[in-house]
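Trainee: If you scroll down you'll find the structure; I have some questions about it.
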Amino acid sequence: MNVQPELGIEVLQDLNFGTVISNSGTVGISLGESRMGIFKLKALAAQSAVLSIQKPEFLKSEVSNSKENIPVTIEAAYAKTPTEFKEVLHFRDNLLQITLGEDNPSNLSPSWETGYVYIYGDVIVGPVAEGSYSGTLTLNVTYQ
């Protein structure tokens with residue numbers, strides 16, 4: 001007998017706004033751009049789940065004791081294939097209900113299916129000090 005977890009989540013790529021100039025205004029990464037964040041989900045076929053994200057409102061300076069921050073707007077979308085951006089399901093109010101694969105109750109040995117969550121958005125860069133800024137986004141998966 002081979003026992004495996006019901007679900008696997010892997011970060012394939014972090015969202016990366018790159019290097020920006022202080023006071024440059026809105027800098028965005030659109031769905032499908034090479035710098036967007038990507039999560040890979042793996043679950044049993046016909047598995048229903050609710051995906052939710054907890055996202056930061058600001059990217060905070062990595063300099064200790066600094067109160068500098070950059071406002072960030074994060075969006076998320078789900079697709080069944082790794083490079084399909086036309087047939088995506090968009091998160092609404094940070095939530096999305098999905099079913100991985102096809103529901104086939106006659107199949108006694110369920111297959112593993114994958115899905116992808118894409119993270120993209122905008123930052124508004126005002127007169128902030130130079131340095132690195134970061135934030136943490138959390139993807140939660142709840143089985144139904």
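Trainee: Output the qualifying pairs, or none if there are none: Cβ atoms under 7 angstrom, residues six or more apart or on different chains, first residue in the stretch 9-24 and modelled with pLDDT of 95 or more, second residue of a type in the set (F, W, Y) and exposed (fewer than 13 other Cβ atoms within 10 Å of the Cβ).
Mentor: Close Cβ pairs satisfying both conditions: none exist.
Trainee: Being closer than 18 Å to V117 by Cβ, open to solvent by 30 Å² or more (accessible area, probe 1.4 Å) and part of a loop (DSSP other than H, G, I, E, B) is the filter here, so list the residues in the stretch 20-38 that pass it.
Mentor: Within the stretch 20-38, the first condition is being closer than 18 Å to V117 by Cβ, and the residues that meet it are 29-38.
Keeping just the survivors that are open to solvent by 30 Å² or more (accessible area, probe 1.4 Å) gives 30-35, 38.
Of everything in the stretch 20-38, those that are closer than 18 Å to V117 by Cβ, open to solvent by 30 Å² or more (accessible area, probe 1.4 Å) and part of a loop (DSSP other than H, G, I, E, B) turn out to be S30, L31, G32, E33, S34, R35.
Trainee: If you take the residues of the stretch 39-75 that are without any contact (Cβ under 8 Å) to a residue 60 or more places away in the chain and part of a strand (DSSP E or B), which of them is least open to solvent (accessible area, probe 1.4 Å)? Walk me through it before giving the result.
Mentor: Filtering the stretch 39-75 down to residues without any contact (Cβ under 8 Å) to a residue 60 or more places away in the chain leaves 57, 64-65, 67, 71, 73, 75.
Right, trim to part of a strand (DSSP E or B) and you get 71, 73, 75.
Values: P71: 50, T73: 73, E75: 81 Å².
Among residues in the stretch 39-75 that are without any contact (Cβ under 8 Å) to a residue 60 or more places away in the chain and part of a strand (DSSP E or B), the one least open to solvent (accessible area, probe 1.4 Å) is P71.
Trainee: Next up: Of the numbered conditions (1) among the charged types (D, E, K, R); (2) surrounded by 13 or more Cβ atoms within 10 Å (Cβ to Cβ); (3) modelled with pLDDT of 95 or more, R92 fails exactly one; give the number of that condition.
Mentor: Failing condition for R92: (2).
Trainee: Could you tell me whether the stretch 97-115 includes any residue that is under 20 Å from the mean Cα position of the chain (by Cα), closer than 24 Å to F17 by Cβ and open to solvent by less than 50 Å² (accessible area, probe 1.4 Å)?
Mentor: To start, the set of residues in the stretch 97-115 that are under 20 Å from the mean Cα position of the chain (by Cα) comprises 97-101, 113-115.
When the remaining residues are screened for being closer than 24 Å to F17 by Cβ, the result is none.
No, the stretch 97-115 contains no residue that is under 20 Å from the mean Cα position of the chain (by Cα), closer than 24 Å to F17 by Cβ and open to solvent by less than 50 Å² (accessible area, probe 1.4 Å).
Trainee: Further, regarding this structure: Given E84, E62, which one is at pLDDT below 95, over 21 Å from the mean Cα position of the chain (by Cα), under 19 Å from D14 (Cα atoms) and not aliphatic (A, V, I, L, M)?
Mentor: Numbers: E84 fails: over 21 Å from the mean Cα position of the chain (by Cα).
Going through E84, E62 in turn, the sole match is E62.
The values are calculated or read from the model by the stated rules, or taken from the named source; none is laboratory data. The shown structure was predicted, so the numbers you read here are calculated from the model rather than taken from an experiment. All Cβ positions, glycine included, derive from the backbone under ideal geometry; neighbour counts span all protein chains shown. Heads up: the accessible areas ignore ligands, DNA and RNA and are worked out on the full protein's heavy atoms, side chains in. Shrake-Rupley method; radii C 1.70, N 1.55, O 1.52, S 1.80 Å.
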